[in-house]
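**Student:** Below you will find the structure I want to go over with you.
The values are calculated or read from the model by the stated rules, or taken from the named source; none is laboratory data. A quick note: this is a predicted structure, and the numbers were derived from the prediction, not measured. Positions of Cβ are backbone-derived with ideal geometry, glycine not excepted, and every protein chain shown enters the neighbour counts.
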Ligand code: PMP
């Protein structure tokens, strides 16, 4: 996965060959401090011979929200970015599960460290292969981090701003160094916020409970989809509220969710077994149902999937 790169990137309005998409070395540094991005998944459907992007419009709308929060002008509408993304995947002939990462940033920032306001932004769309791990048994052990989550009045977690991710990187490095797979960060109030790149949810007493959007989390599109599926498909109650860390220790099931994380079962938190230390029944069922939605086996949520048109191109 690491070395794979597509033939084309989309860069400032044009499909650009990978080799030609270069910036000057002096642009390193301040240009990325204010940069914002999105992470979007596309799933290859073998039966339909087609690539489907999951909730593309919601992700592109959130890109606009992130640029607004960091006062970065974005010259492209959601419709334009939708067309750009579809055309890019078609041009690359993408026929596998793929991660799509639009990124808005300011170039030529030298000497303008604190005065980026109003500057034009550049926009890059990159893609790379990212196989799904749903239903593979992939699971993780979590540690509550000694690092505190950034907060709305410090660096708003609601924006997908690159700088925010340093907080999650420190927490991840600590967790891995200490022999865990993933960190859970507490917010300044001491309540559970999220993992470095994913939201957190738990099952207690037959209900799904997840930190509310005021707990210092990204307004996750996967979280939103899973809340809908748990309510509408599983018929299980969902509660959004602040969560104490000890509730995680006592939970019957815990999982993280996000575009990259999909649904990742958590088997222990701070070496407390979650439930019996195995993947729980609700998590397993939700993985199965989510998988069916992503792969187009559940028509009810077809509106969440955007066909790319790769299949039509291949057979044309
Ligand atoms: N929190 C953070 C900090 C993230 O980076 C992500 C991944 N985008 C998520 C939560 C999950 O959000 P989504 O479901 O929209 O990918």
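**Student:** Being within 16 Å of the ligand (Cβ to nearest atom) and either surrounded by fewer than 20 Cβ atoms within 10 Å (Cβ to Cβ) or within 13 Å of the chain's Cα centre (by Cα) (or both) is the filter here, so list the residues in the stretch 239-251 that pass it.
**Tutor:** Hit for the stretch 239-251 is 240, nothing else.
**Student:** Is it true that residue 72 is more than 22 Å from residue 159 (Cα to Cα), surrounded by 18 or more Cβ atoms within 10 Å (Cβ to Cβ) and away from the ligand (no atom under 16 Å from the Cβ)?
**Tutor:** Judged against the criteria, residue 72 is not a match.
**Student:** Return the pair list, or none, for Cβ contacts closer than 7 Å from residues in the stretch 40-65 that are without any contact (Cβ under 8 Å) to a residue 40 or more places away in the chain to residues that are outside any helix (DSSP H, G or I), at least 6 apart or on different chains.
**Tutor:** Within 7 Å, the pairs are 64/74.
**Student:** Residue check: is residue 176 within 22 Å of residue 263 (Cα to Cα), within 12 Å of the ligand (Cβ to nearest atom) and assigned by TED's automatic domain parsing to the domain that holds residue 248?
**Tutor:** For residue 176, the condition - within 22 Å of residue 263 (Cα to Cα), within 12 Å of the ligand (Cβ to nearest atom) and assigned by TED's automatic domain parsing to the domain that holds residue 248 - is not met.
**Student:** Is it the case that residue 316 is at pLDDT 95 or above and either within 15 Å of the ligand (Cβ to nearest atom) or outside the structural domain of residue 100 (by TED's automatic domain parsing) (or both)?
**Tutor:** Considered against the rule, which asks whether it is at pLDDT 95 or above and either within 15 Å of the ligand (Cβ to nearest atom) or outside the structural domain of residue 100 (by TED's automatic domain parsing) (or both), residue 316 comes out as no.
**Student:** From the set of residues in the stretch 36-60 that are assigned to a loop (DSSP other than H, G, I, E, B) and modelled with pLDDT of 95 or more, which is nearest to residue 82 (Cα to Cα)? Please lay out each step first, then the result.
**Tutor:** Narrowing the stretch 36-60 to residues assigned to a loop (DSSP other than H, G, I, E, B): 38-39, 46-49, 55.
Right, trim to modelled with pLDDT of 95 or more and you get 38-39, 55.
Values: 38: 13, 39: 14, 55: 11 Å.
Looking at residues that are assigned to a loop (DSSP other than H, G, I, E, B) and modelled with pLDDT of 95 or more, I get 55.
**Student:** How many residues does the stretch 197-218 contain that are over 19 Å from residue 282 (Cα atoms) and surrounded by fewer than 23 Cβ atoms within 10 Å (Cβ to Cβ)?
**Tutor:** Just the residues of the stretch 197-218 that are over 19 Å from residue 282 (Cα atoms), to begin with: 197, 212-218.
Okay, now just the ones that are also surrounded by fewer than 23 Cβ atoms within 10 Å (Cβ to Cβ), so 197, 212-214, 218.
Count: 5.
**Student:** Still on this model: Which of (1) crowded, with 18+ Cβ neighbours inside 10 Å; (2) more than 15 Å from the ligand (Cβ to nearest atom); (3) assigned to a strand (DSSP E or B) is the odd one out, the single condition residue 263 does not satisfy?
**Tutor:** (2)
**Student:** Restricting attention to the stretch 103-120, does a residue exist that is surrounded by 18 or more Cβ atoms within 10 Å (Cβ to Cβ), touching a helix residue (DSSP H, G or I) at 6+ places or on another chain (Cβ under 6 Å) and at pLDDT 95 or above?
**Tutor:** Yes - at least one qualifying residue is present in the stretch 103-120.
**Student:** Given the structure, is residue 170 crowded, with 16+ Cβ neighbours inside 10 Å, assigned by TED's automatic domain parsing to the domain that holds residue 51 and out of contact with any helix residue (DSSP H, G or I) (no Cβ under 7 Å at 6 or more places or on another chain)? Spell out the reasoning first.
**Tutor:** Numbers: crowded, with 16+ Cβ neighbours inside 10 Å: yes; assigned by TED's automatic domain parsing to the domain that holds residue 51: no; out of contact with any helix residue (DSSP H, G or I) (no Cβ under 7 Å at 6 or more places or on another chain): yes.
No; evaluated as a whole, the condition is false for this residue.
**Student:** What number of residues in the stretch 84-96 are outside any loop (DSSP other than H, G, I, E, B) and more than 21 Å from the chain's Cα centre (by Cα)?
**Tutor:** 4
**Student:** From the set of residues in the stretch 183-238 that are under 16 Å from residue 167 (Cα atoms) and assigned to a strand (DSSP E or B), which is farthest from the ligand (Cβ to nearest atom)?
**Tutor:** Among residues in the stretch 183-238 that are under 16 Å from residue 167 (Cα atoms) and assigned to a strand (DSSP E or B), the one farthest from the ligand (Cβ to nearest atom) is 186.
**Student:** Could you pull out the residue among 13, 34 that is in the same structural domain as residue 87 (by TED's automatic domain parsing), out of contact with any helix residue (DSSP H, G or I) (no Cβ under 7 Å at 6 or more places or on another chain) and exposed (fewer than 14 other Cβ atoms within 10 Å of the Cβ)?
**Tutor:** 13
**Student:** Right, something else. Which is in contact with a helix residue (DSSP H, G or I) (Cβ under 7 Å, 6 or more places away or on another chain), surrounded by 21 or more Cβ atoms within 10 Å (Cβ to Cβ) and part of a helix (DSSP H, G or I), of 293, 254?
**Tutor:** Going through 293, 254 in turn, the sole match is 293.
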